[in-house]
Structures are given as C-alpha cells and as structure tokens.
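One structure is given below, encoded as structure tokens.
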Amino acid sequence: MPRGRAATRVRRQENGNAGRRESLLAFAAGRVMIDVYAPFSATIAMRVLVVDDNVDSAEMLQTLLKTMGHEAGMVHDGHSALEAVDAQRPEVVLLDIGLPDMDGYEVARQIRERQGSGPRLIALTGWDRDDERSRRAGFDHHLMKPTDFGALERVLAQG
C-alpha cells in the first residue's frame, strides 16, 4: 500500500428487519495500519463536516460517515471550515484542534459567534484533552484520536 495514502475496503451486510449494518475499514498512514470493525445501529442521516489537516485521516472519517448513511463534507483548515459551515450548514462538525492556520478552539469560537448554538461541535484531537477549554470554546463533545468509532456513533446518535 502506498505510504501516506488512505486505502479503504468497505463491506456492508444488511440484516432485514433488524436494520443492522456492519462495515470493515482499513486505513494506512505511513507504517500504521488500523483495522476498524464496527457494527452500526440505525441512525438518522445528518450533514456532517470533517475538519482535519491530515488528509488521510479526514478521508477515512468521511468514508466511515458515508458508510453510516450520513452526508459528509471535508475541509483541511480553519478558514475553509468557517466558509463551509456558512455555506453548507452542517448539523455536526468534527473538528481537529491542531489546524495549520488557526486552532480548532478558535474555529469553534467563531462558529458560535456566527451561528449561536448552530451545529453540534465535536473536538477530535490527538492533543491532550482539555474539557474545560473545549467547553469554553463552544464544543459539545471532545473525543480523542485514535477515535473509538463506537463512541463516535454514540455521540452522533445523541442528536
């Protein structure tokens, strides 16, 4: 597999009335290979914006969200995130804290200034978790990388 490129295999199984979907994703970034197997419960489809400067990570998350039945957009910096939130009006924004042009806390503050309660903001970061700082910036949830996709699904389902 090429270094630094995302490779995704998705297998779907539908179980009639139970509405159960199962997906298998494989992600390669450098020398790290992550296999994710996650059973997904039925969720209401939402418009989700993924904001992450790591293109491979953003693509993998976007693919996962689409597999879950959501409409998912993707941008890679804070200024683009603000433009996309204004234009696309997502219901949820998954926002990396360590962006190149402005940190995710500032992006969250500006989204809240522009749209009030607006979309649900979920911090998604490999940095140390700072729940108080996240709350002050306007985040509704703070998840750590690598993300437990079951936890992500539960947060999304909270609607």
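The values are calculated or read from the model by the stated rules, or taken from the named source; none is laboratory data. Remember, predicted model here, so these are calculated numbers, not experimental data. Neighbour counts are summed over all protein chains in view; Cβ atoms, including those assigned to glycine, are modelled from backbone coordinates with ideal geometry.
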Among 152, 94, which is the only one that is of a type in the set (A, V, I, L, M) and closer than 13 Å to residue 49 by Cβ? 94
Hey, can you tell me all the residues within region 79-99 that are under 21 Å from residue 129 (Cβ atoms) and surrounded by fewer than 18 Cβ atoms within 10 Å (Cβ to Cβ)? 98
Restricting attention to region 138-149, the residues that are in a strand (DSSP E or B) and touching a Gly at 6+ places or on another chain (Cβ under 9 Å) number exactly 1
How many residues are out of contact with any Gly (no Cβ under 9 Å at 6 or more places or on another chain), under 21 Å from residue 103 (Cα atoms) and not polar (S, T, N, Q) when one looks only at region 53-74? 5
Of all residues being polar (S, T, N, Q) and exposed (fewer than 13 other Cβ atoms within 10 Å of the Cβ) in region 108-159, which is nearest to residue 69 (Cα to Cα)? Just the residue, please. 158
Only one of 135, 89 is on the phi > 0 side of the Ramachandran plot and out of contact with any helix residue (DSSP H, G or I) (no Cβ under 6 Å at 6 or more places or on another chain). Can you tell me which? 89
Among the candidates 106, 83, which residue alone is modelled with pLDDT of 95 or more, touching a helix residue (DSSP H, G or I) at 6+ places or on another chain (Cβ under 9 Å) and either charged (D, E, K, R) or on the phi > 0 side of the Ramachandran plot (or both)? 106
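Conditions tested, residue by residue: (1) more than 12 Å from the chain's Cα centre (by Cα); (2) modelled with pLDDT of 95 or more; (3) more than 18 Å from residue 108 (Cα to Cα).
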| site | (1), (2), (3) |
| --- | --- |
| 41 | yes, no, yes |
| 45 | yes, no, yes |
| 75 | no, yes, no |
| 78 | yes, yes, no |
